[in-house]
1. Can you confirm whether A:Ser103 is small (Gly, Ala, Ser), away from every other protein chain (no Cβ under 12 Å) and in a strand (DSSP E or B)?
2. In region B:49-88, which residues are of a type in the set (Lys, Arg), open to solvent by 30 Å² or more (accessible area, probe 1.4 Å) and closer than 23 Å to A:Arg95 by Cβ?
3. It is to be established whether one or more residues within region A:56-70 are under 14 Å from the mean Cα position of the chain (by Cα), assigned to a loop (DSSP other than H, G, I, E, B) and under 20 Å from B:Thr105 (Cα atoms).
4. Being among the hydroxyl-bearing types (Ser, Thr, Tyr), touching a residue at least 40 places away in the same chain (Cβ under 8 Å) and either touching a Cys at 6+ places or on another chain (Cβ under 9 Å) or within 14 Å of another protein chain (Cβ to nearest Cβ) (or both) narrows it down to one residue among B:Ser58, B:Ser95; which is it?
5. Just checking: which of the strands (runs of 3 or more DSSP E) contained wholly in region A:4-55 hold 1 or more residues that are open to solvent by 40 Å² or more (accessible area, probe 1.4 Å)?
6. Looking only at region A:82-108, count every residue that is charged (D, E, K, R), modelled with pLDDT under 90 and open to solvent by 10 Å² or more (accessible area, probe 1.4 Å) and tell me the total.
7. Among the residues of region B:11-42, write down those that are more than 20 Å from B:Gln59 (Cα to Cα), open to solvent by 70 Å² or more (accessible area, probe 1.4 Å) and in a loop (DSSP other than H, G, I, E, B).
8. Report yes if some residue within region A:67-74 is touching a Ser or Thr at 6+ places or on another chain (Cβ under 9 Å), of a type outside the set (Ser, Thr, Tyr) and exposed (fewer than 14 other Cβ atoms within 10 Å of the Cβ); otherwise report no.
Amino acid sequence: GESVGLHLPTLSVQEGDNSIINCAYSNSASDYFIWYKQESGKGPQFIIDIRSNMDKRQGQRVTVLLNKTVKHLSLQIAATQPGDSAVYFCAEKKRLNFGKGTSLLVTP
Amino acid sequence: EAGVVQSPRYKIIEKKQPVAFWCNPISGHNTLYWYLQNLGQGPELLIRYENEEAVDDSQLPKDRFSAERLKGVDSTLKIQPAELGDSAVYLCASSLDGSHRSTDTQYFGPGTRLTVL
C-alpha cells in the first residue's frame, strides 16, 4: 500500500552541528509534503512544506529537499539547538499519511 | 489568537466504559480532523469534517467510535465501549480549507492522552 516513512527512528547530534532527517514515500503521484515537529506532550507543529514542482525550499534554519526520481525528501536543520530536540514527521498532505517519525536528540 | 483547544488533557478509564473527547478548533477554520497517535507512531487520521459534514471517516472504527460536529464548530469524539487497545493520544487539528488543492496548514491541539485499564 501507499506509505510515507522515515529512515531512522532516532538521530543524535551535537549542538551546533547540522541535522539531516530523511523520509521516503511510495506513491509517485504524491505532490505535496509537509514536515512537522512534535515536542513531548504537544501536538505536531508545522515546520515547512514543499510541492512537487520544487526540489528545494528554505525556511529559517531549515531546508527541505525533494527528489522525485527516488521518491525521497529530507529535512536539514542548520546549527541544531537543544530546542530542536523533538520527533519529526514527514507527511503527504493529500492522503494525510504520516510516517513513524524520527526522534532528534541534541546533545550539548 | 487561541490555538486548537482539547479537553480533557488526560483521561483514565476502565475497559468497557464510555469516554468522550472535546475539540474547539481555531476560529474560522472550516476543516476539522481527529487523529489517533499510538506511542512511537505518527498520527493516523480517524475522521475529517468539512464544516459539519464528515467527508472522510473511512478509518473510523464505527462499531465503537462515533464523532459529531454540530454547527460546524466544536467536535466530540466518543468511544463506547473502550477497549485496552484504545489507549493512545487523540489529536484534533483544524485548517481553513482541507481540500486536496489547499496549501492550508493543519494546526494541532495538544491531544488527549487516554489510558484504558
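1. No, not satisfied.
2. B:Lys62
3. yes
4. B:Ser95
5. A:10-14, A:19-25, A:45-51
6. Adding up the residues that qualify gives 4.
7. Residues satisfying the conditions are B:Glu14, B:Lys15, B:Lys16, B:Gln17, B:Ser27.
8. yes
The values are calculated or read from the model by the stated rules, or taken from the named source; none is laboratory data. What you are looking at is a predicted structure, and each value in this text was computed from that prediction instead of being measured. Virtual Cβ from ideal backbone geometry, glycine too; neighbours counted across all protein chains shown. Accessible surface is based on the protein model in full, side chains and every heavy atom, while ligands, DNA and RNA are left aside. Shrake-Rupley method; radii C 1.70, N 1.55, O 1.52, S 1.80 Å.
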